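What follows is one structure encoded as structure tokens, with my remarks underneath.
The values are calculated or read from the model by the stated rules, or taken from the named source; none is laboratory data. Predicted model only: the values in this text are computed from it and were never measured. When we count neighbours, we look across all protein chains shown, and the Cβ atoms used for this are built from the backbone with ideal geometry, even at glycine. These accessible areas exclude ligands, DNA and RNA; they are computed on the full protein's heavy atoms, side chains included. Shrake-Rupley method; radii C 1.70, N 1.55, O 1.52, S 1.80 Å.
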Amino acid sequence: MRLETPRLVIRSFRAADAEAMLAVFGDPEVRRYLPPFPDPTIESMEKSVARRMAMERDHGHGLWAVERKDTGELIGDCGLMLVEGTGPEVEIAYHYKRSAWGQGYGTEAAITCLAHGFGPIGLHRVIAICVPENVGSWRVMEKAGMRHEGIADYYGLVGLKKYVADRDTWVRPA
């Protein structure tokens with residue numbers, strides 16, 4: 001899978017991406033609002049990348065690598081994954097290295113992934129969730145055209161902000 005925006009390439013993961021993803025998740029600030037998990041290692045990131053590849057193969061979607069088009073640098077991931085790994089809900093999720101924050105990459109990739117999900121993949125509904133304190137994340141959801149639906153519990157976390165987008169009503173932001 002490969003999608004392009006004016007500034008980004010969104011593509012299927014490759015095994016060789018584990019080291020770049022370790023640089024993303026190795027930053028405690030990136031993990032600050034995520035469910036707790038042990039500090040990542042190259043071995044755990046290799047397994048994580050393999051899971052991303054398997055999900056895409058098995059379901060036709062998953063988290064994809066996000067690269068800057070001008071440099072080829074892998075800056076994070078964005079994509080459509082089964083909620084809690086099992087579904088049936090599908091969520092848009094994204095994680096970026098700190099140097100990529102505040103530059104609009106998250107919104108650009110989220111809009112592109114939502115359009116791909118509602119178009120070629122054929123999804124009817126996509127959710128997004130985050131802890132309320134993660135203002136940057138829920139602002140991406142809003143800028144990507146998702147609407148706030150309320151508060152929900154997922155991944156063992158309570159009181160998450162939940163956003164939704166439906167194929168029949170979602171309008172791709174300009």
**OP:** Between Asp168 and Ala16, take the C-beta separation as r, use R0 = 35 Å, and let me know the FRET efficiency to the nearest 0.05.
**Re:** 0.35
Subject >> Computed magnitude of the charge dipole of segment 66-134 (debye, nearest 20; Cβ of K, R +1, Cβ of D, E -1) >> reply: 120 debye
Subject >> Using θ = phi - 60° and Karplus 6.51 cos²θ - 1.76 cosθ + 1.60, couplings along segment 13-30 (whole Hz; Gly, Pro as x) >> reply: 5, 10, 3, 5, 7, 4, 5, 5, 6, 4, 5, 5, 7, x, 8, x, 5, 5
Original post:
Within segment 118-174, which trypsin sites (Lys or Arg not before Pro) sit in a loop by DSSP and count at most 16 neighbouring Cβ atoms inside 10 Å?
Top reply: Arg167
Original post:
Taking the alpha-carbon centroid of each part, what is the distance from segment 28-104 to segment 139-162 in angstrom?
Top reply: 17 Å
Original post:
Tell me, what is the FRET efficiency for Lys69 and Met1 to the nearest 0.05, using R0 = 22 angstrom and their Cβ-Cβ distance as r?
Top reply: 0.85
**OP:** Search the structure for amide H atoms under 5 Å from the amide H of Gly62, placed 1.01 Å from N in the peptide plane, and list their residues when 5 or more places away or on another chain.
**Re:** Leu80
Subject >> Whole-percent carbon and sulfur share, accessible surface of segment 96-150, 1.4 Å >> reply: 54 percent
Original post:
Convex hull volume of the Cα atoms in segment 1-157, per residue, in Å³?
Top reply: 112 Å³
Subject >> Low-density loop cleavage sites - GluC sites (Glu not before Pro) in segment 103-174, where at most 16 other Cβ are within 10 Å (DSSP) >> reply: Glu133
Original post:
Which pairs, out of Lys47/Lys69; Lys47/Lys162; Lys97/Lys143, put more than 23 Å between their alpha-carbon atoms?
Top reply: Lys47/Lys69; Lys47/Lys162
**OP:** Write down the accessible area per residue of the chain in Å², having rolled a 1.4 Å probe over the full set of protein chains.
**Re:** 49 Å²
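If you place +1 on the Cβ of every Lys and Arg and -1 on the Cβ of every Asp and Glu, how big does the dipole about the Cα centre of the chain come out, in debye to the nearest 20?
Here the chain has a charge dipole of around 360 debye.
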Original post:
Quick one: with all protein chains in place, what share of the accessible area of segment 38-82 is carbon or sulfur, to the nearest percent (1.4 Å probe)?
Top reply: 52 percent
